[in-house]
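Just below is one structure, and these are the notes that go with it.
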Amino acid sequence: MQLHVKGKNLEVSDSIRAYAERKLAKLERHMHASTRVEVELAVERNPAVAANQVAEATVWLKGHTLRAREASRDMKASIDELVEKLCRQVDAERDKKVRKRKIDKHALDARGVEL
């Protein structure tokens, strides 16, 4: 997995970068090594917005692109919520592929074609 962490309206510190990399390592077991993941950490400058620490991620899978955005008062909490949302999306994509393979296999079996 190729991970890129960048900042918008803030300088990404080494501790936040390491935290994001450690949390996003959960996704690595579900993805191919060439999968590209881009995480953008930002601070909203609007004082009316309480949840101003924003984490956004884009995951380029084979044939699909997944996006997630989370905001909270703490950057680490935003990253945690973002990772959970991405894990759910990746699991859903994997389940779709498995379900499609099972349907195709059953369709071939129904026609009398042996594998």
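Looking at (1) at pLDDT 95 or above; (2) surrounded by fewer than 19 Cβ atoms within 10 Å (Cβ to Cβ); (3) over 14 Å from residue 7 (Cα atoms), which one does residue 40 not meet, given that it meets all the others?
Against the list (1) at pLDDT 95 or above; (2) surrounded by fewer than 19 Cβ atoms within 10 Å (Cβ to Cβ); (3) over 14 Å from residue 7 (Cα atoms), residue 40 comes up short only on (3).
For residue 40, state whether it is of a type in the set (Asp, Glu) and either farther than 16 Å from residue 86 by Cβ or free of Cβ contacts under 8 Å to residues at least 24 places away in the same chain (or both).
No; evaluated as a whole, the condition is false for this residue.
Could we say that residue 70 is in contact (Cβ under 8 Å) with a residue 24 or more places away in the chain and closer than 28 Å to residue 95 by Cα here?
no
Please specify each residue of segment 1-46 satisfying the condition of being within 26 Å of residue 91 (Cβ to Cβ), of a type in the set (S, T, N, Q) and either in contact with a strand residue (DSSP E or B) (Cβ under 6 Å, 6 or more places away or on another chain) or part of a helix (DSSP H, G or I) (or both).
Matches in segment 1-46: 2 only.
Taking segment 77-109, which residues are more than 14 Å from residue 61 (Cβ to Cβ), surrounded by 11 or more Cβ atoms within 10 Å (Cβ to Cβ) and at pLDDT below 90?
Correct list: 105, 108, 109.
The values are calculated or read from the model by the stated rules, or taken from the named source; none is laboratory data. These numbers come from a predicted model, not from an experiment. Cβ sites come from the backbone with ideal geometry, for glycine too, and all protein chains shown count toward neighbours.
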